[in-house]
Structures are given as C-alpha cells and as structure tokens.
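In what follows, a structure is listed as structure tokens, so that the remarks can point back to it.
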Amino acid sequence: MKTILVPTDFSECANNALKFAAFLAKKTGASINLLHVLEVPSIGTQGSIEFTVDDVPYMMGLLKATKAKMKRTLSYHFMKDINVVQNIETGAICDHILKAADKYNADLIVMGTHGANGLEEVLIGSNAEKVSCDAKIPVLTIKDEIKDPKLEKIVYATDFSEESKLVFPELEHFADLLGAKIELVKIITRSEFESTTKTQRAMKRFRKMFKQSGHKTSVYNDYNKQSGIRNFARSVNADIIAIDIHGRHGIANFFSRSLTKDIVNHSSLPVLTLNVQENQSEKDRVVKSGKKYGADLGQMYFSTQIPAI
C-alpha cells in the first residue's frame, strides 16, 4: 500500500477517519493524500448559479480559511512522521473523491461518516455511501473514534458467491499488509432462508479455492442482515467489518445499496467495502492474484458471467 486518500471536511468524524488512516499509514509505510473539496457555484453552466464580482472576496476568504484548517489538521500529534500531500479542489464532493482516487493512484480511501439519523444522514451519510458503492478501490469508512486502534480480526460478510471469490484476494492482501486474520460469515435470515446443506457446499467450494488461506468460516442466524453482521462482529471481537459490492452487472447482490448505506452509516466498527466494477477488468485481478492461487482462479475468471471490459 503506497497511497491512502483521506477526504476531509474538518469535522470530528473526518478527524476520526484521519486518525485511523494515520495508524494504517504507519503500519504500512503509506503516504496520505488529504483532500478537501469546496462545493462552490459553477461559472457559465446552464442551470447553475454563476459567480459575480462580489463573490470573489468571499471565495478568497473561504480558501484562506480552508488552508488554515488544513494546517491545523496536519499539526495533530497522530500525523507526526507521516508523508502527507494536501489538496484543495472545487466541485461536487463525491465526484472529486472518486476522480482523486484515480488521479493520485490511491490504494485505499478512508473517510468518515456521521452515522446520523433523518435529514442529516441524507445530507452527510450519502457521501460515504455513494463513494463506498462507486469507488474502484477499497473504501474504509469510520464513524466513531478508535481510541486504541488495532487490526487483529476482519469479519468478511459474504454469500460465498463467484463474485465474492473475485474480490477476496484483494481483502486477503489488505489483511496480510496489516497482519490481520479474516473470519468469513454467511448471514441467514428468515426471509432468505437457505438449507444447511446448500450453505456448507458453497463454503466448501470457497475453502477449496482458497485452501492456502486457512480462514475460519461461520454461519450466523439473525432477523436481518444488518443486525446479523453487527452482532456477529461484536460476538467475535472483530476490528473491521468487510463487505463486497458486485457493481452494476445485474447480478443479484448479497448487499443492496440500502444495506450498504445502513452498515456504513451505523456500524460502530470501521467498514471496508470492496467493489467489482464494470469498468475494472477482472482479468487484471486474476493477473495480480494468480501467483498465489494458480490456475483455479484463472479458470474461475473465464467461467464467470461478469464481462471483462
């Protein structure tokens, strides 16, 4: 891991995310790209509010205040001895975060979410949810301050599908970097009942594919997936919850966007989302991971229904 992108609005929850990103950076030797996006009126576009001469002093003052906040943020004690690149950009927040991930070749996005209720959640939580669902790279969302951060166990909530197998090597790589163990869990709900035999077959196929891993697999019953994931993670003292999103391929996703939003906004633990995107070649994933998993993973790639773009 070389670069961690951390979007910030200088709020308490953004600082919580930055503190955890600093912890990750020190463990991996990564640098942090600290990004603040100013949402300002556009000039000359149809339907937008245009700048006037009177707006210029306001914008200059806003930029000056933002630079002061950046300087104060970089002075926090937990930022000591970390290589930080700071960027201030203007535009739509989510769009710029996603573009910045590409532009700065980031390996991971770490961002805060307020986890609020009602209107505030719509305005604030939607940014973290949208980035988590649309980013090409893993996104780690932080709601609460992690006062004594550690990374010993990652709970990966999965349906053991073919698509999950495609993102699992990326999760393993993340866990290996941090020296963490992975525990895989299938949440069974009353509305989506599955027989023990079917679940065990899927788990067996998964273990066979990643037989070198030795990760523990579990089944957990609960009234819904949201509470099941959180309750299971709490029961095994997990440090991170990981979920995968299968992109926009038309596949029946284990996690819908609404479920992802709920987990991202309301989990007290950090949540790592991994996305199989339609514009990201699965063949590239196989090339990166094939050395570890050999021909089995390559064969799985050629048999999957997901098209390579």
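Miscellaneous remarks
- Listing Glu163, Glu12, Glu183, Glu89 from fewest to most neighbouring C-beta atoms within 10 Å gives Glu12, Glu89, Glu183, Glu163.
- Candidate cross-link partners of Lys198 among the lysines, defined by an alpha-carbon separation under 24 Å and a same-chain spacing of 8 or more, comprise Lys165, Lys186, Lys208, Lys211, Lys216, Lys225.
- Fewest-first ranking of Ser161, Ser235, Ser191, using other Cβ atoms within 10 Å as the exposure measure: Ser191, Ser235, Ser161
Every number here is computed from the coordinates shown, using simple stated rules; none is lab data. Note that this is a predicted model, so its numbers are computed, not measured. With ideal geometry, Cβ positions are generated from the backbone for all residues, glycine too; neighbour counts draw on all protein chains shown.
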